[in-house]
Amino acid sequence: MPATHTRSHAIAGMITRLNDPHYARWAAQIHRTGGCRQPIHLRGRVDHIDRTTGEILHRYSTRHEPDGVLRVPCKTRRASRCPACAETYRADTYQLIRAGLAGGKGVPASVTAHPCLFVTLTAPSFGTVHARREKDGKPLPCHARRDAPTCPHGQVMSCTARHSADDPRLGEPLCPDCYDYAGSVLFNALAPQLWRYFTDALRRRIAKLAGLTLRELRGQLTLSFAKVAEYQRRGVVHFHAVIRLDGPDGPASPPPAWASADALADAVRHAASTVSVTVPDITDEPARVLRWGEQLDIRPITMGGELTDQAVAGYIAKYATKAAECVGTLDRRLSPLDDLGRVVKVAGPGAT
Ligand SMILES: [Zn+2]
Ligand SMILES: [Zn+2]
Ligand SMILES: [Zn+2]
């Protein structure tokens, strides 16, 4: 439909709505959804019945609502789909993580004394990509190499551009033919499994350091995790996690004295470097062993220190509302292949 038609159609719709005798009720419904972009329309009825007498105490039907529907918020966590609901989700996540670090919402304040780390697990390299590098706030050349090799496809593996933050080339490979796209897709798909192996390995390592069996460890200590995935420009995930040591009864009980932040950091380093997921070979793809990337960041979370509970809660909550769409890809499943061209044109890199 041409844009002018769409506009006049929308204006006509607004006029009809404003003149509708049910306008006030409709506006109240919209207000209660908190500005949700895609409210869910419910149809049906609810009868509240007194079980002992069988008497109907209250009856509600959406039949009497404007358009015969009750509008409720979609409650998505994805900011790209509904900014209003995602903001509610972000604020809730912030309070939840904050309480886990500083106490509150049923978590005792003594939890601040428990060893707690902010850990970033990265993906390995799948090939060189254009990157924005900075030093003292100034952009540096992307991949400047005087003796840069030429790849088998004739591409010199060097880039002297100082990319701006919105350069569409960021995250794109220097040579698309060399880049291991299949590897990066498999990594994203299997990262949750790698994370699970990592947490198992972490428990085993801590038990070993303390000279305990896994069962004995459970009697002394619990590991608590909160993690989010962040999509990088190259389209692979990073995991940011808060890892905390609690006593056997969770955050209300102190961990044993031997379970220090340093011991936890050592165990994290060991577990991250040892776990792997093996992908068997399939048709054109070789077998692969997927591991975490070499970059591993471990920082202690302290009240009023360099990395505070507020900063971490803010970070986790922010990434909880974002997914792959923030690097220019799609945020939903594609079903009919016919839609591919249309969606890629709308959402693909370089979209205007
Ligand atoms: Zn919504
Ligand atoms: Zn570059
Ligand atoms: Zn190449």
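Pick from region 157-209 the residues that are among the acidic types (Asp, Glu), open to solvent by 30 Å² or more (accessible area, probe 1.4 Å) and part of a loop (DSSP other than H, G, I, E, B): which of them is farthest from ligand 1 (Cβ to nearest atom)? Give the steps one after another, and end with the answer.
So the first thing to find is which residues in region 157-209 are among the acidic types (Asp, Glu), and the list is 166-167, 172, 177, 180, 200.
Still in the running and open to solvent by 30 Å² or more (accessible area, probe 1.4 Å): 166, 172, 177, 180, 200.
Among the residues that remain, those that are also part of a loop (DSSP other than H, G, I, E, B) are: 166, 172, 177, 180.
Numbers: ASP166: 27, GLU172: 33, ASP177: 42, ASP180: 37 Å.
Checked region 157-209; the qualifying residue farthest from ligand 1 (Cβ to nearest atom) is ASP177.
Within the set SER80, SER110, the sole residue that is among the hydroxyl-bearing types (Ser, Thr, Tyr) and over 19 Å from the mean Cα position of the chain (by Cα) turns out to be SER110.
Can you tell me which residue among PRO141, PRO149 is within 16 Å of ligand 3 (Cβ to nearest atom) and surrounded by fewer than 17 Cβ atoms within 10 Å (Cβ to Cβ)?
On the way: PRO141 fails: within 16 Å of ligand 3 (Cβ to nearest atom).
Of PRO141, PRO149, the one residue that is within 16 Å of ligand 3 (Cβ to nearest atom) and surrounded by fewer than 17 Cβ atoms within 10 Å (Cβ to Cβ) is PRO149.
Among the residues of region 277-293, write down those that are exposed (fewer than 14 other Cβ atoms within 10 Å of the Cβ) and assigned to a loop (DSSP other than H, G, I, E, B). PRO280, ASP281, THR283, ASP284, PRO286, ALA287 - these are the residues of region 277-293 that are exposed (fewer than 14 other Cβ atoms within 10 Å of the Cβ) and assigned to a loop (DSSP other than H, G, I, E, B). Being under 30 Å from ALA79 (Cα atoms) and of a type in the set (D, E, K, R) is the requirement here; does ARG196 meet it? So ARG196 fits the description; yes. A single member of ASP166, ASP92 is closer than 30 Å to TRP195 by Cα and not hydrophobic (A, V, I, L, M, F, W, C), and it is ASP92.
Within region 157-175, being in contact with a Pro (Cβ under 8 Å, 6 or more places away or on another chain) and either within 14 Å of ligand 3 (Cβ to nearest atom) or among the aliphatic types (A, V, I, L, M) (or both) holds for MET157, CYS159, ALA161, GLU172. The criterion of being within 16 Å of ligand 2 (Cβ to nearest atom), more than 30 Å from the chain's Cα centre (by Cα) and open to solvent by 30 Å² or more (accessible area, probe 1.4 Å) does not hold for ARG132.
Please find, among TYR60, TYR89, the residue that is assigned to a helix (DSSP H, G or I), hydroxyl-bearing (Ser, Thr, Tyr) and out of contact with any Leu (no Cβ under 6 Å at 6 or more places or on another chain). Can you show your working first?
Values: TYR60 fails: assigned to a helix (DSSP H, G or I).
Step by step, each of TYR60, TYR89 is checked, and only TYR89 is assigned to a helix (DSSP H, G or I), hydroxyl-bearing (Ser, Thr, Tyr) and out of contact with any Leu (no Cβ under 6 Å at 6 or more places or on another chain).
Please work out which residue is farthest from ligand 1 (Cβ to nearest atom), limiting yourself to region 135-156 and to residues that are closer than 23 Å to ALA123 by Cβ and among the hydrophobic types (A, V, I, L, M, F, W, C). Step by step, filter region 135-156, then rank; the result is CYS151.
Of the residues making up region 63-86, those that are outside any helix (DSSP H, G or I), open to solvent by 60 Å² or more (accessible area, probe 1.4 Å) and in contact with a strand residue (DSSP E or B) (Cβ under 9 Å, 6 or more places away or on another chain) number 1.
Is it the case that some residue within region 283-306 is farther than 25 Å from LEU190 by Cα, at pLDDT below 90, out of contact with any strand residue (DSSP E or B) (no Cβ under 7 Å at 6 or more places or on another chain) and among the β-branched types (Val, Ile, Thr)? Yes, region 283-306 contains at least one residue that is farther than 25 Å from LEU190 by Cα, at pLDDT below 90, out of contact with any strand residue (DSSP E or B) (no Cβ under 7 Å at 6 or more places or on another chain) and among the β-branched types (Val, Ile, Thr).
The values are calculated or read from the model by the stated rules, or taken from the named source; none is laboratory data. Because the structure is predicted, anything quoted here is derived from the model rather than measured. Don't worry about glycine lacking a Cβ; one is built from the backbone with ideal geometry, like all the others, and counts go over all protein chains shown. For the accessible areas, the whole protein counts, side chains as well, though only heavy atoms, and no ligand, DNA or RNA atoms are used. Shrake-Rupley method; radii C 1.70, N 1.55, O 1.52, S 1.80 Å.
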